[in-house]
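The values are calculated or read from the model by the stated rules, or taken from the named source; none is laboratory data. Keep in mind that what you see is a predicted model, and the values were worked out from it rather than measured. Virtual Cβ from ideal backbone geometry, glycine too; neighbours counted across all protein chains shown. Keep in mind that these areas ignore ligands, DNA and RNA; they rest on the heavy atoms of the full protein, side chains included. Shrake-Rupley method; radii C 1.70, N 1.55, O 1.52, S 1.80 Å.
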Amino acid sequence: MKKIVFDNYKVMSRAAADIVAQAVRAKSDIVLGLPTGSTPVGMYDELAKDYAEGKVDFSKAVSFNLDEYAGLDGAHPQSYRYFMEQHLFGRVNIARGNTHVPDGVAKDLDKAAKEFDAKIFQKGGIDLFVLGIGQNGHIGFNEPAASMPAYTHVVELAEDTIAANSRLFDDISEVPKRAVTQGLATIMQAKKIILLSSGPAKREAIAKIDSGIITLDCPATVLHMHRDITLLLC
Ligand code: F6R
């Protein structure tokens, strides 16, 4: 596991964008794994800038997002599909048909989750996964637990995740209690992973990764088992 500590969020975001843009230039039909949340916003801004300046072309790129709230369709302003439209998809030339966000309103969420994994497999797997990390060490919505499904699945959100995410809703009661998330195995099968973390609220989770002990009490610690992972921190 490599670790790079940056002076500030702007420099970290630029470095993350450089890694993504470089990977897209190296493989135009790259398969990306992508996060939502506050942390990657700066990276998406930088990628949008790169695209506007003709430095990167997403026309053949394919993406698979980490997760989506159950019960929110893509038109809902708090849905992760909507987030991706605002921060990346709507600002670059990625083909919408090549973008995949778990379907939070599928009739059968479990079946849709299985189909999501099958699609990743069909596309040859994820080449580069960008991750964020929750204060409790979650990645995607894989919350601390004694056990969890390996692949994409429906999950009950932890109270602290609901509380952390309520900042984006008018009222905490509006935060969905369930979500669909890629599983740790889905994520770990990516060829390369970068994880972005910014600010003191994440320090405890990062310290658990630094301890070198793997525990599902802090799901991000499993990333130690990946052979090409870099933590970008500030
Ligand atoms: C987002 C996701 C989450 C976030 C994490 C950190 O798609 O899967 O695991 O990466 O909750 O969120 P922020 O960046 O808002 O602190």
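The simple Förster model, with R0 at 25 Å and r as the Cβ-Cβ distance, assigns MET1 and ASP29 a FRET efficiency of 0.35. For the chain, the dipole from Cβ point charges (+1 on Lys and Arg, -1 on Asp and Glu) about the Cα centre works out to 780 debye, to the nearest 20.
Computed per residue of the chain from DSSP H runs no shorter than four, each worth -39500 (n - 2.57), the mean residue ellipticity at 222 nm is -9000 deg cm²/dmol.
Each listed q (0.22 Å⁻¹) maps to a log10 I(q)/I(0) for region 131-234, found by the Debye formula over equal Cα scatterers with no solvent: -1.25.
Sorted largest first by accessible area at a 1.4 angstrom probe radius, with every protein chain in place, the residues HIS87, HIS100 fall in the order HIS87, HIS100.
Which percent of the accessible area of the chain is formed by carbon and sulfur heavy atoms (probe 1.4 angstrom)? Carbon-and-sulfur percentage of accessible area, whole number: 53.
Shape analysis of the chain yields a ratio of the Cα radius of gyration to the Kirkwood radius, Rg/Rh, of 0.93.
For the pair ARG203 and PHE121, label points projected 7 Å from Cα toward Cβ lie 4.4 nm apart. Could you give the distance between the Cα centres of region 83-105 and region 192-209, to the whole Å? Their Cα centres are 25 Å away from one another. Going 7 Å from the Cα of ALA52 toward and past its Cβ, which residues in region 7-43 have a backbone nitrogen under 15 Å from where you end up? Counting only backbone N, you get 42-43.
For region 31-76, just say rounded, prolate or oblate: build the C-alpha gyration tensor, square-root its eigenvalues into a ≥ b ≥ c, call rounded for a/c under 1.5, and beyond that prolate if a/b exceeds b/c, oblate if not. It comes out prolate by the Cα gyration axes.
Using a 1.4 Å probe, what is the accessible area per residue for region 145-234, in Å²? Walk me through the numbers before you get to the answer.
On the way: 4330 Å² over 90 residues.
I get 48 Å² per residue for region 145-234.
Averaging the Cα positions of each part gives two centres, and for region 15-36 and region 136-167 these lie 25 Å apart. The tail of the calculated P(r) for region 82-129, taken as Cα-Cα distances beyond 17 Å, holds 46 percent of the pairs. The relative contact order of region 72-217 comes to 27 percent, based on Cα pairs under 8 Å that sit 6 or more residues apart.
With both labels modelled 7 Å from their Cα along Cα-to-Cβ, the LYS60 to ARG178 distance reads 4.0 nm. Which of the three applies to region 139-178, rounded, prolate or oblate, going by the alpha-carbon gyration tensor with a ≥ b ≥ c and a/c under 1.5 meaning rounded? Cα axes put region 139-178 in the prolate bin. I'd like the FRET efficiency for VAL11 and ASP210, computed as 1/(1 + (r/R0)^6) with the beta carbon distance as r and R0 of 22 Å, rounded to 0.05. That pair, VAL11 with ASP210, gives E of 0.60. Across region 1-74, the fraction of Cα-Cα pairs farther apart than 16 Å, rounded to a whole number, is 57%. Computed over every Cα-Cα pair of region 13-146 and binned at 10 Å starting from 0, the pair-distance distribution P(r) comes out as 12, 43, 35, 9, 0 percent.
List the equivalent ellipsoid semi-axes of region 97-161 in whole Å, largest first, each obtained as the square root of 5λ for an eigenvalue λ of the Cα gyration tensor.
Working: eigenvalues 96, 49, 25 Å².
Ellipsoid semi-axes (Å, largest first): 22, 16, 11.
Over region 65-118, with the other protein chains present, what is the accessible area per residue in square angstrom, probe 1.4 angstrom? Kindly include the intermediate steps, with their values, before the conclusion.
Values: 2500 Å² over 54 residues.
Here the residues of region 65-118 average 46 Å² of exposed surface.
A convex hull fitted around the alpha carbon atoms of region 176-222 yields 118 Å³ per residue.
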